[in-house]
1. Go through the range 49-108 and count every residue that is under 30 Å from Met1 (Cα atoms) and of a type in the set (A, V, I, L, M).
2. Could you tell me which of the residues Ser47, Ser32 is within 22 Å of Arg99 (Cβ to Cβ), touching a Pro at 6+ places or on another chain (Cβ under 9 Å) and polar (S, T, N, Q)?
3. What number of residues within the range 1-39 are touching a residue at least 40 places away in the same chain (Cβ under 8 Å), over 12 Å from the mean Cα position of the chain (by Cα) and over 20 Å from Pro79 (Cβ atoms)?
4. Out of the residues in the range 62-103 that are among the polar types (S, T, N, Q) and assigned to a helix (DSSP H, G or I), state the one that is surrounded by the fewest Cβ atoms within 10 Å (Cβ to Cβ).
5. Tally up the residues in the range 43-56 that are modelled with pLDDT under 95 and of a type in the set (A, V, I, L, M), please.
6. In the range 40-65, what residues are of a type in the set (D, E, K, R), more than 12 Å from the chain's Cα centre (by Cα) and within 22 Å of Val11 (Cα to Cα)?
7. Which fully enclosed strands (runs of 3 or more DSSP E) of the range 1-57 have 3 or more residues being surrounded by 13 or more Cβ atoms within 10 Å (Cβ to Cβ) and out of contact with any Ser or Thr (no Cβ under 6 Å at 6 or more places or on another chain)?
8. Give the range 64-107 a look and list any residue that's touching a Leu at 6+ places or on another chain (Cβ under 9 Å) and of a type in the set (Lys, Arg), or say none.
Amino acid sequence: MILTLISADKVSDPIQIPEEVAVCPYCKAKLSVQPDSWTQNDDGSWSLDMGHGECAAEPDMEEDEEAWETWLANHSIEPYTYQLPVDMKVTAWINERYRFEMDVPEGE
């Protein structure tokens, strides 16, 4: 499989996850992942280490605090049972398809 290189100016942009790969384990809405840490591979390329998953159904906390609190209560039940397996699957899917160009100063 050919890997897609995400340029240094886009490494923190959200990656849209196809529904056939994964959906929110709580409400089945579309997911995106905002990368926030990376691991350098033996060949010098960079893979996703961790990302912040985002459910498309998440309401804006500032616009509707009550809806957001309800959403949060429903989306935080047993995260190691429901969310973690999805996060692991999504991270593996991203790393099978993408590499990240990191702006790392020479010598580091």
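1. Qualifying residue count for the region: 10.
2. Ser32
3. Final tally of qualifying residues: 7.
4. By that ranking, first place goes to Thr81.
5. Number satisfying all stated conditions: 1.
6. Asp42, Asp43
7. Of the strands (runs of 3 or more DSSP E) lying wholly inside the range 1-57, those with at least 3 residues that are surrounded by 13 or more Cβ atoms within 10 Å (Cβ to Cβ) and out of contact with any Ser or Thr (no Cβ under 6 Å at 6 or more places or on another chain) span 31-40, 46-55.
8. The answer is Arg97, Arg99.
The values are calculated or read from the model by the stated rules, or taken from the named source; none is laboratory data. These numbers were taken from a predicted model, which means no experiment stands behind them. Every residue, glycine among them, receives a Cβ derived from its backbone with ideal geometry; neighbour counts consider all protein chains shown.
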